[in-house]
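Values in this text are rule-based calculations from the coordinates and carry no lab data. A quick note: this is a predicted structure, and the numbers were derived from the prediction, not measured. With ideal geometry, Cβ positions are generated from the backbone for all residues, glycine too; neighbour counts draw on all protein chains shown.
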Amino acid sequence: MDLWFTENHANNIKYSLKVNKTLNVEKTDYQDLAVIETEQYGRILVLDGILQTTEKDEFVYHEMIVHVPLFTHKNPRSVLIVGGGDGGAIKEILKHNSVERIVLAEIDRKVVENAKKYLQNISYGLDNDKVEIMIGDGIKYVNEHKNEFDIVIVDSTDPIGPAVGLFTIDFYKSVYECLKDDGIIVAQTESPFIYGNLINKLSKMFKQIYPITKPYICIIPTYPGSLWTFTMGSKKYDPENIDTNNIPKIDTKYYTPQIHKAAFILPKFVKDIFEEV
Ligand code: SAM
């Protein structure tokens with residue numbers, strides 16, 4: 001009999017992938033975790049029934065959450081990732097030679113362990129010498145570090161469970177303090193088709209804190225709604241004002257300097273969501 005993984009979203013959407021093999025299922029201190037192998041997208045990490053990342057399309061999300069802020073900043077040397085225990089963002093950050101220090105503040109040790117064991121194509125950067133893995137609440141870590149990072153990447157789960165606090169104004173204010181004077185925050189801010197109200201609220205929060213607030217988009221086939229948003233808050237650099245000739249060539253599958261610029265051009269309904277007061 002065929003086995004299918006089905007993600008239930010917002011109690012009114014179901015997405016399914018055919019499963020070849022179940023590699024692990026466990027209950028961690030924070031969430032239900034599964035790693036399964038699917039026919040179409042390779043191995044996937046699932047937390048609380050929600051697909052987090054797949055071997056086949058992870059590059060879109062991870063390249064866009066990393067290269068857009070890092071190439072907007074003129075000389076990123078220190079990067080903090082809140083969440084992101086699968087290591088996908090780290091793999092991309094390591095392509096930037098200027099970066100000397102990467103801190104991963106991940107609440108769930110089991111995500112890191114499972115990524116290392118089952119998702120080596122994604123997680124191989126976790127053992128790099130530049131990486132410090134801090135197991136604990138990213139909110140606490142941010143509160144305890146001031147003026148320390150060039151870039152903060154909020155690579156979180158959806159706003160449920162331990163991630164709820166990562167979608168609040170208090171958290172974004174505390175990230176502002178954690179950043180250096182020309183620092184940049186980027187957060188994954190969900191699909192405009194499903195989380196429009198949340199995106200609008202987050203955009204208002206960012207605008208209260210960061211002098212430059214810019215949303216950008218990409219397409220991720222395995223995420224509900226497919227069209228995905230990130231929100232950038234920047235103290236100094238404008239991500240749309242980059243000189244594309246100065247961007248060094250790195251090995252990517254989605255990101256290009258042209259995509260960097262194009263990602264800030266929003267469909268009208270998405271622009272409305274971000275701008276509606
Ligand atoms: N990189 C993935 C992708 O491609 O979409 C996304 C998510 S990553 C697996 C999200 C991580 O955020 C999870 O491992 C979860 O444990 C972590 N997380 C949730 N709340 C957190 C918090 N308050 N502090 C630190 N990590 C948190």
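Some points to look at:
- Every condition in (1) within 15 Å of the ligand (Cβ to nearest atom); (2) under 11 Å from residue 55 (Cα atoms); (3) loosely packed, with under 15 Cβ neighbours inside 10 Å is met by residue 40 except one, and the failing one is (1).
- Some residue of the range 132-143 being hydroxyl-bearing (Ser, Thr, Tyr) and within 28 Å of residue 168 (Cβ to Cβ): yes
- When each of 227, 166 is tested for being surrounded by 21 or more Cβ atoms within 10 Å (Cβ to Cβ) and within 16 Å of the chain's Cα centre (by Cα), the lone residue that passes is 166.
Okay, residues lined up against (1) touching a residue at least 24 places away in the same chain (Cβ under 8 Å); (2) more than 11 Å from the ligand (Cβ to nearest atom); (3) surrounded by 23 or more Cβ atoms within 10 Å (Cβ to Cβ):
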| residue | (1), (2), (3) |
| --- | --- |
| 62 | yes, no, yes |
| 66 | yes, no, yes |
| 81 | yes, no, yes |
| 94 | yes, yes, no |
| 100 | yes, yes, no |
| 104 | yes, no, yes |
| 112 | yes, no, no |
| 120 | no, yes, no |
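- Number of positions in the range 137-150 that are among the charged types (D, E, K, R) and more than 9 Å from the ligand (Cβ to nearest atom): 4
- Selection of first residues in the range 20-32 that are within 11 Å of the ligand (Cβ to nearest atom) and of second residues that are of a type in the set (Gly, Ala, Ser) and not in a strand (DSSP E or B), restricted to Cβ pairs under 9 Å at least 6 apart or on distinct chains, gives the following pairs, ordered by first then second residue: 30/161; 31/161.
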